[in-house]
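Enquirer: Below is the structure I would like to discuss, written out as structure tokens.
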Amino acid sequence: MKAAKDYIVFPLDVSSLKEAKQFVKLLSGHIGMFKVGLELFISSGPEIIRHIKDCGSTRVFLDLKLHDIPETVFRAMESIANLGVAFTTVHCGESKEMLKAAVAGSKGQVGVLGVTVLTSVSDKDILAAGLRPEFASDMSMLVMQRATAARDAGCSGVVCSGFEVGMIKEKFGKEFTVVTPGIRPSVGSMKEDDQKRTTTPAHAIQNGSDYLVIGRPIRNAKNPQEAAIRIAKEIETVL
Ligand code: C5P
């Protein structure tokens, strides 16, 4: 059975390789997967991926949220497929062709996750983007539409808020991976930030989430290792 810590994805949202390596040292063994995003990948390139793998068995999630014409996405995905990472991401909002190109480029060597609607997006943002008003009053409709496009294109799963996990699992089955960001633990206080549709670790797991992306609650804690352990304990209560 998957251990509680294996549900935790820690995003290495730092700008230097040096800082990233410090977090890898501190948190290896206490979380399930390190996520490398745009900030770090732009500054350090694939070296951080090699470093994480050299440090043990922790898997890597390369979160580049691709969004471009299908040919460019296909070629970028071919390069990602050679890096030996577990998961990577592509935006779902553009076209099914882009999603299909991402899956084709991955050559089955990396799990492609479709980003449905960012957890920082509010109903006002949906209206301002010119999307249908019913998507603003019920964002889960938009998430489901995009998750369907991802599944039809052959993606391994999606990224969505903790609110839509249950619906997605019910419609697409257990094997369709769901990754949930916007997680705010019930223990400890945090000041408000850019995340809008947040859930607690326990809530997201109870809804069926496979992985929780938890950044600032761990990174900004006085003791990040203790924070990760505390969150794993919260997860354990609902497994
Ligand atoms: O927990 P915290 O808010 O700090 O997590 C931020 C991380 O979550 C960033 O790495 C960001 O890329 C990721 N994220 C995501 N999808 C979203 C929202 C945030 O992958 N919808």
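The values are calculated or read from the model by the stated rules, or taken from the named source; none is laboratory data. If you're wondering where the values come from, they're calculated on a predicted model, not measured in any experiment. Cβ sites come from the backbone with ideal geometry, for glycine too, and all protein chains shown count toward neighbours. Keep in mind that these areas ignore ligands, DNA and RNA; they rest on the heavy atoms of the full protein, side chains included. Shrake-Rupley method; radii C 1.70, N 1.55, O 1.52, S 1.80 Å.
Enquirer: How high is the relative contact order of the chain, in percent, counting Cα pairs under 8 Å that sit 6 or more residues apart?
Expert: Values: 463 pairs, mean separation 43.8, N = 239.
Over the chain, the number comes to 18 percent.
Enquirer: Further question on the same structure: Relative to the Cα centre, what is the charge dipole magnitude of the chain, using +1 at the beta carbon of each Lys and Arg, -1 at the beta carbon of each Asp and Glu, and rounding to the nearest 20 debye?
Expert: Numbers: 30 positive and 27 negative charges, 116 e Å.
Magnitude of the dipole: close to 560 debye.
Enquirer: Less than 18 Å apart at the alpha-carbon level, and either on another chain or at least 8 residues along: which lysines does that give for LYS5?
Expert: Straight-distance partners of LYS5: LYS25, LYS35, LYS53, LYS233.
Enquirer: Also, quick follow-up: Fully extended, how many nm does the chain gain between SER120 and LYS96 (0.36 nm per residue separation, minus their Cα-Cα distance)?
Expert: On the way: separation 24, 0.36 × 24 = 8.64 nm, distance 2.33 nm.
Gain in length upon complete extension: 6.3 nm.
Enquirer: What accessible surface, in Å², does a 1.4 Å probe find on VAL85, ignoring ligands, DNA and RNA and rounding to the nearest 10?
Expert: Estimated to the nearest 10 Å², VAL85 gives 10 Å².
Enquirer: Report the local net charge at LYS233: Lys and Arg +1, Asp and Glu -1, summed over other residues whose C-beta lies under 13 Å from its C-beta. Kindly include the intermediate steps, with their values, before the conclusion.
Expert: Numbers: positive: LYS5, ARG230; negative: GLU226, GLU234, GLU236.
Residues near LYS233 contribute -1 overall.
Enquirer: Counting only pairs 8 or more places apart or on different chains, how many lysine pairs in the range 101-210 have C-alpha atoms closer than 30 Å?
Expert: For the range 101-210, qualifying lysine pairs total 10.
Enquirer: Are there any chymotrypsin sites (Phe, Trp or Tyr not before Pro) in the range 107-210 that are in a DSSP loop and have at most 15 other Cβ atoms within 10 Å? List them by number. Intermediate values should be presented prior to the final figure.
Expert: On the way: sites: PHE135, PHE163, PHE172, PHE176; in loops: PHE163, PHE176.
Answer in residue order: no site qualifies.
Enquirer: Okay, moving on. Quick one: length gained pulling GLU134 to LEU17 fully straight, 0.36 nm per residue minus the C-alpha distance? Kindly include the intermediate steps, with their values, before the conclusion.
Expert: On the way: separation 117, 0.36 × 117 = 42.12 nm, distance 4.34 nm.
Computed gain between GLU134 and LEU17 is 37.8 nm.
Enquirer: In Å², and per residue, what accessible area does the chain have when probed at 1.4 Å with the other protein chains present?
Expert: Working: 11260 Å² over 239 residues.
Here the residues of the chain average 47 Å² of exposed surface.
Enquirer: Need the C-alpha centroid separation for the range 58-110 versus the range 131-170, integer Å.
Expert: Their Cα centres are 19 Å away from one another.
Enquirer: Taking K and R as +1 and D and E as -1, what net charge do the other residues with C-beta under 14 Å from the C-beta of THR89 add up to?
Expert: On the way: positive: LYS35, LYS65, ARG146; negative: ASP63, ASP68, GLU94.
With Lys, Arg at +1 and Asp, Glu at -1, the neighbours total 0.
Enquirer: Also, I was wondering about something else. Could you tally the net charge around MET33, taking each other residue with its Cβ under 13 Å from the Cβ of MET33, Lys/Arg +1 and Asp/Glu -1? Display every interim value, and only then the final one.
Expert: Numbers: positive: LYS2, LYS5, LYS35, LYS53, ARG59; negative: ASP6, ASP63, ASP210.
Within the 13 Å Cβ shell, the charges total +2.
Enquirer: A further question follows. First measure r as the distance between the Cβ atoms of GLN109 and GLN206, then evaluate 1/(1 + (r/R0)^6) with R0 = 45 Å and state the FRET efficiency to the nearest 0.05.
Expert: Working: r = 32 Å, r/R0 = 0.72.
The formula returns an efficiency of 0.90 here.
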